[in-house]
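Here's the structure we're looking at; comments come further down.
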Amino acid sequence: MKVSHRIETLTDGGSDGWDIYRKARALKSQGVDVTELTIGEHDRRTERDILDAMHASALGGHTGYATLPGTDALRDAVAARVQSRTGVPTTRDNVVIVPGGQAGLLAAHLAACDPGDTALFIDPYYATYPGTIRATGAIARTVPAHAGRGFQPDPADLAGPAQNARSLLINSPNNPTGVVYGRETLDGIARACRDNDLWLISDEVYDTQIWQGTHLSPRQLPDMAERTLVIGSLSKSHAMTGSRLGWIVGPETAISPLVNLVTHTTYGVPGFIQDAGVYALEQGQPLEDRISEPFRRRHADTLARLARQGVATVPSTASMYVMADIRPTGLSGETFAHLLLDTHRIAVMPGESFGQAAAGHIRIALTVPDDRLKTALDTLAAFHLSLIETAA
Ligand code: PMP
């Protein structure tokens, strides 16, 4: 029996970008000691008191169908957090709770685009973006951000593609590059959206992992609140990846039909998870700082350590990732990553998993304890040097 064309072509027939990750996991399951610097998963688990809140909620009976757009308490907590961080008036009517940022990305595109519409996104991009857009029946089209511009998208590059599109998806702080889009970049992006009547879908799941400067949400920019759908999640900020708790913040004109979509797709998020989310948000900044602190430290250390050993990195000020430029080896990111895994049991993601603009790079997730990370970085740097010497 044949499945739909839509689902069959979700990954465009090629690699879905996760090959190295799967290979590393397969080796691990055979008992091989692999240092996994692949996915954005913390090396610490969800904090005990959050789990206690979840447990208490479940024992208290919050195990039935939960309120569909999200509980009032959680929508209020998300709205308050967004308003205090951005200054944009936000109420629960601007918030719909979804099972993680990934579900939010799909729902936001379903809200913004009809089948056949063009949905733009910036390359380099988080690996699921093209498949998520294709799943909605929209046409996924990239706009490159170049290494030479520090991976800040050039609004001039948007002018042409924006004319025929319905939406633009951006991600700042960015996965995989760790780059934060500056005011000028975001002003240009906002202008392109207003001029061409585009929805802006702003993936802000890394908004607590900024190591220099502050986060600017494009929803704050003039006339943007009415056309911006912000994707948020507790996965990265609160080490709650497995809880699958996220949200979309946007104008009521979009949130109201999105509630209808949620009714017909996920049917909400478990109540005890939402209650744990309320508890987590109530802990405020101190908890967010505690969760992000190891990545702040490792990010700075990694940039310095690789620089000392002659490995060029993408200048970045955010995130739990560092991108290294391995073009001097003459290899693709993909070949480099496979060789590194085969010879040294260190798994990193090839830049090509995140689009063509990041080709010749690798993404290192800073997700193992400091000592182990340092050893892996030294091995990686020595391997990089040996490849350059061989190529010379
Ligand atoms: N957006 C980006 C940029 C991500 O890196 C991720 C997860 N790695 C997600 C969205 C999805 O996160 P979640 O579904 O866990 O909230």
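The values are calculated or read from the model by the stated rules, or taken from the named source; none is laboratory data. Worth saying up front: this structure is predicted, and the values here are computed from it rather than measured. Quick reminder, even Gly has a Cβ in these numbers, built from the backbone with ideal geometry, and neighbours come from all protein chains shown. We work out accessible area using only protein heavy atoms, side chains counted, and drop any ligands, DNA or RNA first. Shrake-Rupley method; radii C 1.70, N 1.55, O 1.52, S 1.80 Å.
If you check ALA358, ALA376, ALA391, ALA381 for being of a type in the set (A, V, I, L, M, F, W, C) and surrounded by fewer than 17 Cβ atoms within 10 Å (Cβ to Cβ), only one passes: ALA391.
Can you tell which of GLU293, GLU282 is touching a residue at least 24 places away in the same chain (Cβ under 8 Å) and closer than 20 Å to ARG48 by Cβ? Of GLU293, GLU282, the one residue that is touching a residue at least 24 places away in the same chain (Cβ under 8 Å) and closer than 20 Å to ARG48 by Cβ is GLU282. Of all residues in the stretch 269-281, one or more are in a loop (DSSP other than H, G, I, E, B), open to solvent by less than 10 Å² (accessible area, probe 1.4 Å) and within 25 Å of ASP93 (Cβ to Cβ). Just one of (1) under 30 Å from VAL322 (Cα atoms); (2) in contact with a Lys or Arg (Cβ under 8 Å, 6 or more places away or on another chain); (3) open to solvent by 70 Å² or more (accessible area, probe 1.4 Å); (4) modelled with pLDDT under 95 fails for ARG44. It is (2).
Screening the stretch 43-141 for helices (runs of 4 or more DSSP H) wholly inside it with 2 or more residues that are more than 15 Å from the ligand (Cβ to nearest atom) returns the ranges 48-59, 72-86, 101-112. Whether a residue is open to solvent by 60 Å² or more (accessible area, probe 1.4 Å), in the same structural domain as ASP370 (by TED's automatic domain parsing), part of a helix (DSSP H, G or I) and within 16 Å of LEU380 (Cα to Cα) was assessed, and LEU306 does not pass this test.
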